[in-house]
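The values are calculated or read from the model by the stated rules, or taken from the named source; none is laboratory data. All figures in this text were calculated on a predicted structure; none of them were measured in a lab. With ideal geometry, Cβ positions are generated from the backbone for all residues, glycine too; neighbour counts draw on all protein chains shown. Accessible surface areas use protein heavy atoms only, side chains included; no ligands, DNA or RNA. Shrake-Rupley method; radii C 1.70, N 1.55, O 1.52, S 1.80 Å.
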Amino acid sequence: MGWTEAQLGRGETIADTARVLSRYVNGVVARVYRQVNLEEMAKHASIPVINALSDLFHPCQIVADLYTMWERWGTLKGLKVAYVGDGNNVCNSLLVGCSKLGVDISVACPPKYRPYEKALKWAQENAEESGSSVEIVENPVEAVKGANVIYTDTFVSIGAEAEREERLKAFIPKYQVRPELFQHAAEDAVFMHCLPARRGEEVTDEVIDGPRSIVWDQAENRLHTAKAVLALII
Ligand code: NVA
């Protein structure tokens, strides 16, 4: 359902919509702008509420990403992911997910666009338990050293469109993923992106269409892992 098909579009509160949906269906998969709205829905629903993207987190994407890595290497332990770009919802969830499953993660971003502090704290706590490492740096070359995955996402997420010009200035060219960046990564390094990609902004055509790109496997795995999440929870 889109916003306008739900009573939310006519001003019904999130709490009331959650109460009504709880009488109709077995679960809600919600894509929202604000994490607080999702939490409000979960608070008032008596059924599972699954985050299909919020401004702060994108957990289902990261389930697909980690599955894609496991599919490629047959293990997750010992892998290193370098995330280059905006410390956004995808970056926050990647920090939490990688650290939880023992994957090292290094994020390169401008100081103004660092990940959410709480996500970083969770990641550091997870890393202590799993024995992985978490670091935030400014220089993409430093982040990708020895990395098996170079991951990026749009520099202009949903809701940040008004900041477009300012953001592109802050990120391009330094954080754009181009073929040269792979010289510093592991020999078997692959390129990942949650899609949709803004070609020519966070990544060039040569990289996303090149032999290292596994973005289509990643996209396919969104389907399989979404089904797995539903099977597990519902
Ligand atoms: N960071 C992006 C992810 C899109 C799947 C956004 O929130 O727009």
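Details
- When the criteria are applied in full, residue 159 meets the requirement of being in contact with an Asp or Glu (Cβ under 8 Å, 6 or more places away or on another chain), loosely packed, with under 15 Cβ neighbours inside 10 Å and over 20 Å from residue 108 (Cα atoms).
- Residues located in segment 34-91, provided they are among the small types (Gly, Ala, Ser) and either within 30 Å of residue 146 (Cβ to Cβ) or within 11 Å of the ligand (Cβ to nearest atom) (or both): 52, 54, 64, 74, 78, 82, 85, 87
- Among residues of segment 104-136, those that are within 16 Å of the ligand (Cβ to nearest atom), part of a helix (DSSP H, G or I) and under 24 Å from residue 204 (Cβ atoms), counted: 1
- Count of residues meeting criterion [more than 21 Å from the chain's Cα centre (by Cα) and either surrounded by fewer than 12 Cβ atoms within 10 Å (Cβ to Cβ) or at pLDDT below 95 (or both)] in segment 167-204: 6
- Selection within segment 145-175 - within 16 Å of the ligand (Cβ to nearest atom) and either in contact with a strand residue (DSSP E or B) (Cβ under 7 Å, 6 or more places away or on another chain) or aromatic (Phe, Trp, Tyr) (or both): 151, 152, 153, 155, 171, 175
- Counting only strands (runs of 3 or more DSSP E) wholly contained in segment 1-103, the ones carrying 2 or more residues that are of a type in the set (Val, Ile, Thr) and open to solvent by less than 60 Å² (accessible area, probe 1.4 Å) occupy 49-51, 80-84.
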